[in-house]
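Engineer: Below you will find the structure I want to go over with you.
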Amino acid sequence: MSSFITTLILEENGLQGKFPEDVFHFPYLQKFNLFEIDNQLELKFPKTNWSGPLKSLLVSAYLQELPDSIGNLRSLEILELLNGNFKGPIPASLENLTQLEHLYLSSNNFAGPIPYSIFNLTQVQFLDLSGNKLVGSLPSKVSGLSQLSILRLDHNFLSGRVPSWLFSLPSLVELMLNSNKLNGTFELDKLSEISKLERLSLSDNALSSFTSASNANYSLPNLVSLELSSCNISEFPNFVRNLEGLYFLNLSYNRVHVIEADMFLKLKGLEVLDLSHNIPLFVRNNSEVDLVLPLFVELSLSSCNITELSNFLTTQESLNFLDLSNNNIQGQVTEQENNWGSNLVDLDLSKNLLTALEYYPWKSIEILDLGSNLLEGPLVTPPPSTMVFLISNNRLNGEIPSSICDPARSDYLLFLDLSYNNLSGAISKCLGLRHLAGLNLQGNSFHGNVLDFCVERNSVLESLNLNKNDFDGSLPKSLANCSGLEVLNLGNNKINDTYPYWLGDLPGLKVLVLRSNYFHGQIAHSANKSHFSNLQILDLSHNMFSGFLPTTYFTNFKGMMNLANVDMAYMGGPSQYYTDSIVLTMKGEEIVLERILTIFAAIDMSSNRFEGTIPETVGNLISLIVLNFSHNHLTGHIPSSLGNLAALESLDLSCNRLVGEIPSQLTGLNFLEVLNLSDNHLVGLIPQGKQFNTFLNDSYVGNTGLCGFPVSKSCGRSDPPPAIYDEREVDSAFGLNGKFVMMGYGCGLVFGFSAGYIMMTIRKPKWLVGMIQRAGNRVLRRFKKNR
């Protein structure tokens with residue numbers, strides 16, 4: 001019966017295991033759709049004898065190869081392969097698919113040049129190769145694409161000039177070339193030849209300039225979206241003034257200094273304008289024409305050296321989104337002087353010089369960011385419509401007003417960030433009862449017991465940061481009800497309790513920080529293998545824990561074992577309304593991580609009273625980047641299994657009672673940048689090779705039984721010659737890795753280390769290599785100059 005199937009659609013069925021290849025050989029199959037979010041399905045396309053009447057192939061699943069046999073499906077009209085993990089080039093055999101109308105290969109890992117034959121397909125209408133690793137230049141001429149309406153080549157590594165044939169495609173509606181390495185001069189005159197063009201993006205390339213005839217009269221009546229961000233533009237493009245249908249314009253991250261007053265006369269339909277990061281930016285009026293601005297819906301003027309709130313805002317009645325962050329806006333927000341933005345929904349005034357806030361003129365506001373100003377005085381409760389309220393890094397004092405708990409706002413406020421002010425007092429119990437997703441109170445002087453958060457089990461709380469306050473007492477058991485909690489930072493308080501093992505039932509907990517409190521007692525073994533299974537960062541340092549290290553927990557920490565395939569991003573989810581920050585101790589220094597990478601894993605149990613040996617099971621935590629057991633009473637040998645921690649960048653076992661020799665397996669830790677084994681009872685020859693050749697005497701001081709480089713004590717036999725640190729040798733061996741430690745000192749130690757691991761793990765992505773080289777070279781020059 002299956003041989004007569006013409007349509008097979010499998011969407012979100014939770015399929016696992018090996019998908020039967022025979023399905024692709026059904027003789028009458030014309031349409032095949034497979035969409036699996038979890039990507040736990042092993043799917044392979046047939047490499048041989050793959051043919052048939054298939055017209056539509058849509059697959060979103062884990063795939064590693066697109067075989068040449070795809071070119072045998074000559075009836076194919078739609079080919080859509082999403083979110084795979086393809087390796088290697090796009091098959092040239094696609095040129096055989098002469099009936100293809102829709103080719104969508106976005107968000108994969110295709111590499112190498114684009115087969116020029118693809119551009120000769122005569123029936124294709126939709127061509128999307130964005131979000132891959134494609135390189136090389138575009139062909140100088142093509143013979144097909146006469147039906148092409150949408151071309152997306154963005155977010156690749158394409159280079160060379162923008163070819164002229166792109167401007168002769170009669171049906172082109174959308175052209176996305178942004179986020180590549182295209183260079184040369186862009187001839188704006190050619191744009192008028194694409195009369196149907198509606199959307200154009202050239203942002204984030206290496207274009208040197210834009211040229212046009214001085215008297216050119218552009219006719220692009222259908223163009224509604226133009227993105228020219230990071231295009232090295234030094235003046236407002238003159239041709240833009242004639243784009244009467246333009247709705248969206250992005251000129252951010254350029255060098256535009258002057259805007260003529262009459263520039264917007266014809267742009268009456270412009271609703272979204274982004275001029276951020278053009279310093280300094282001002283309007284010049286060389287005529288008697290008054291400045292007439294469109295009625296914007298979204299306006300971004302971040303980092304434009306603006307010094308005051310302009311009067312033009314009073315005329316912008318349609319404005320919903322306004323970004324004025326990172327300017328030099330001074331003064332106060334009072335009812336007498338500010339009466340604008342009545343319809344604003346999203347306002348960012350962070351990183352300015354505002355000194356007082358007495359009144360909120362923004363009655364419809366939902367997202368309000370006033371962080372990093374000079375605001376003083378008591379906290380003024382935001383309007384009831386506010387969902388996100390960020391006012392960190394100011395000089396506010398007093399208590400949190402009780403009005404913030406008014407019933408009128410109980411269903412709205414989701415994210416509240418009051419961190420790093422001078423606020424004090426006890427926290428109102430109502431904050432624990434609110435449906436907050438993120439609460440950040442760190443860096444204040446709040447006191448009393450920690451509130452009973454998550455009394456209701458349906459709590460949406462994801463991040464709770466009470467670091468650096470004066471909270472005391474024990475932890476409320478109600479925290480065990482915070483089923484969505486991912487980050488819990490209770491460090492630097494006066495909490496007096498035993499280890500909260502009951503938090504292990506939280507399925508999504510990734511970060512647990514209890515450092516610098518009065519936690520005490522032994523950490524009992526857990527019989528529940530799922531306890532803390534997703535934990536990536538555990539900081540118990542500077543407490544009074546005692547007993548043996550919790551061996552069973554090291555077995556449970558699956559989140560520290562399997563981060564190699566996790567996409568690099570920041571914790572906090574897509575909202576990005578709050579930032580999760582932590583402090584880690586490495587090499588005796590406290591390093592602040594302002595944001596936490598999803599691939600970061602660390603354990604810090606330093607400065608406690610742990611005793612006994614270091615369990616071999618620690619060596620299973622292969623995603624660890626930081627491991628710190630220093631300043632305890634640990635005994636026994638250093639486990640050779642620590643040599644399995646391939647991602648490890650910082651290892652501190654100092655100030656314990658460890659004995660025996662240093663395991664030679666540790667020399668295989670290619671990313672180890674910080675090693676501290678000082679003040680133990682270690683003996684024997686210090687291992688040599690790779691990163692161990694870069695460690696100095698302070699890594700081993702206080703171990704009188706150690707000998708060989710770099711300590712002064714000889715082992716009584718022919719020691720290996722001391723290795724001289726040479727950045728060229730390290731560059732050659734580890735692909736720029738030697739620069740990461742220097743870069744780390746300049747801009748945050750952990751970032752410097754993690755960049756090295758990321759680059760080696762994913763084959764040194766060019767965008768990161770370039771960034772590391774530029775920043776690393778600058779720091780190295782400063783380092784050498786100051787020696």
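Engineer: Please give the length that would be gained between N232 and Y28 if that part of the chain were fully extended, namely 0.36 nm times their separation in residues minus their C-alpha to C-alpha distance (nm, one decimal). Provide the component values of the computation, followed by the final result.
Structural biologist: On the way: separation 204, 0.36 × 204 = 73.44 nm, distance 5.42 nm.
Roughly 68.0 nm would be gained on extension.
Engineer: Would you mind putting 301-307, 140-146 in packing order, based on average other-beta-carbon counts within 10 Å, highest first? Don't skip to the end; give the middle numbers.
Structural biologist: Details: 301-307: 18.3, 140-146: 15.3.
Ranking the peptides 301-307, 140-146 by packing returns 301-307, 140-146.
Engineer: Also, quick follow-up: On a full-extension model of 0.36 nm per residue, what is the gain between S483 and T7, subtracting their alpha-carbon distance, rounded to one decimal in nm? Each step should come with its number before you reach the end.
Structural biologist: Numbers: separation 476, 0.36 × 476 = 171.36 nm, distance 4.09 nm.
That works out to 167.3 nm of additional length.
Engineer: Additional query: Once R0 is set to 22 Å, what does the formula 1/(1 + (r/R0)^6) return for the Cβ-Cβ distance between E244 and V292, expressed as a FRET efficiency to the nearest 0.05? Before the final figure, lay out each step's value.
Structural biologist: Working: r = 14 Å, r/R0 = 0.64.
E between E244 and V292, to the nearest 0.05, is 0.95.
Engineer: Further question: Using DSSP, restrict attention to beta bridges with both residues in the range 494-612 and report what percent are antiparallel, rounded to the nearest 5. Let's see the in-between values first.
Structural biologist: Values: 6 of 18 bridges.
Of those bridges, close to 35 percent are antiparallel.
Engineer: Hey, another quick one. Using the heavy atoms of the protein chains and a 1.4 angstrom probe, tell me the accessible area per residue for the range 433-576 in square angstrom.
Structural biologist: On the way: 5670 Å² over 144 residues.
I get 39 Å² per residue for the range 433-576.
Engineer: Moving on to the next point. For the range 466-514, which whole percent of the accessible surface, found with a 1.4 angstrom probe, sits on carbon and sulfur atoms? Can you show the working numbers first?
Structural biologist: Details: 660 of 1510 Å².
The nonpolar share, carbon plus sulfur, comes to 44 percent.
Engineer: Could you calculate, for the range 397-536, the ratio of the Cα radius of gyration to the Kirkwood radius, expressed as Rg to Rh?
Structural biologist: On the way: Rg = 14.8 Å, Rh = 15.5 Å.
We get a ratio of 0.96 for the range 397-536.
Engineer: Let me ask something else. Averaged per residue, what accessible area in Å² does the range 1-209 show with a 1.4 Å probe, protein chains only?
Structural biologist: Numbers: 9330 Å² over 209 residues.
For the range 1-209, the solvent-accessible area averages 45 Å² per residue.
Engineer: What span do the alpha-carbon atoms of the range 523-707 cover on each of the three principal axes, reported in whole Å from largest to smallest?
Structural biologist: The principal-axis extents, from largest down, are 53, 36, 26 Å.
Engineer: For the range 1-209, give the percent of accessible area contributed by carbon and sulfur heavy atoms, probe 1.4 Å, rounded to a whole number.
Structural biologist: Values: 4330 of 9330 Å².
C and S fraction of accessible area: 46 percent.
Engineer: Heavy atoms only, 1.4 Å probe, whole protein assembly: order I78, I194 by accessible area, highest first. Walk me through the intermediate numbers first.
Structural biologist: Working: I78 55, I194 0 Å².
Reading off the accessible areas and sorting them downward yields I78, I194.
Engineer: How much length would be gained if the chain were fully extended between E590 and A356, taking 0.36 nm per residue of separation minus their Cα-Cα distance, in nm to one decimal?
Structural biologist: Roughly 80.9 nm would be gained on extension.
Engineer: Suppose R0 equals 41 Å; then what is the FRET efficiency for V135 and K529 from their Cβ-Cβ distance, rounded to the nearest 0.05? Spell out each step's value before the answer.
Structural biologist: Values: r = 45 Å, r/R0 = 1.11.
So, using R0 = 41 Å, E works out to roughly 0.35.
Engineer: From the backbone phi of the range 656-663, what are the Karplus-calculated ³J(HN,Hα) couplings (6.51 cos²θ - 1.76 cosθ + 1.60, θ = phi - 60°) in whole Hz, Gly and Pro given as x?
Structural biologist: 10, 10, 6, 10, x, 8, 6, x
The values are calculated or read from the model by the stated rules, or taken from the named source; none is laboratory data. No experiment lies behind these values; they were computed from the predicted model shown. For neighbour counting, all protein chains shown are included, and Cβ atoms are generated from backbone atoms with ideal geometry for every residue, glycine included. These accessible areas exclude ligands, DNA and RNA; they are computed on the full protein's heavy atoms, side chains included. Shrake-Rupley method; radii C 1.70, N 1.55, O 1.52, S 1.80 Å.
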